[in-house]
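Structure first, commentary second.
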Amino acid sequence: MAVLGFSHYNLRAPRPMLDRLRDFYVEVVGLQAGPRPPFRSFGYWLYAGGEPVLHLSEAAPGESRACTGSTTFDHAAFRCSDLGETESRLAALGIAFERAEVPTTGIVQLFFSDPAGNGVELGFVPASSPQ
């Protein structure tokens, strides 16, 4: 596997805080709200330079990846290559991960935690898609 670059970061919070975060990152930081795939959960994607660099996602009660404590940080994400080799390596290392697919895009995501408990996402674009 080769990490190809940084993709985005995600903040997960209850809906009232999510709206406050959106307003802050748009009005104070200067990001722009833009299109978001039709996930089952509510959220926003915020863009910089035409790229969705901040994802804001509503935390659902009892959600396995929902944040606890006073932070809204959920995970850091990286664009990667060689999905099969990566899944094999994670399994061989005994690292539990969840696999998901972004609706309508074909992007496969692997989610797991680092030793400190921070979330990590590795994203794999289908070979036929432009990187």
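Read-outs throughout are calculated quantities, based only on the coordinates presented, and are distinct from any laboratory measurement. Because the structure is predicted, anything quoted here is derived from the model rather than measured. Don't worry about glycine lacking a Cβ; one is built from the backbone with ideal geometry, like all the others, and counts go over all protein chains shown.
By the gyration tensor of its Cα atoms, with a ≥ b ≥ c the square roots of the eigenvalues, what is the shape of the range 1-123: rounded for a/c under 1.5, prolate for a/b over b/c, or oblate? Prolate, because a/c is 1.5 or more and a/b exceeds b/c. Within the range 1-40, what residues put their amide N at less than 16 Å from the label point 7 Å along the Cα-to-Cβ vector of A60? Only 12-15, 38-40 fall inside the zone, counting backbone N under 16 Å.
Extending 7 Å from Cα along the Cβ direction at F78 and again at A91 yields two label points whose distance is 2.1 nm. Residues considered: A96, A59, A77. Largest GNM mean-square fluctuation over the chain, using C-alpha springs under 10 Å, is found at A96. Among F111, F39, F73, the largest mean-square fluctuation in a Gaussian network model of the chain (Cα springs under 10 Å) belongs to F39. Counting 0.36 nm for each residue step from A48 to A33 and taking away their Cα separation leaves a gain of 4.5 nm. Among residues other than L46 with Cβ under 15 Å from its Cβ, the summed charge is -2 (Lys and Arg +1, Asp and Glu -1). Each of P61, L31, Q109 was scored by the projection of its Cα onto the charge dipole of the chain, and the greatest displacement toward the positive side belongs to P61; charges sit on the C-beta of Lys, Arg, Asp and Glu.
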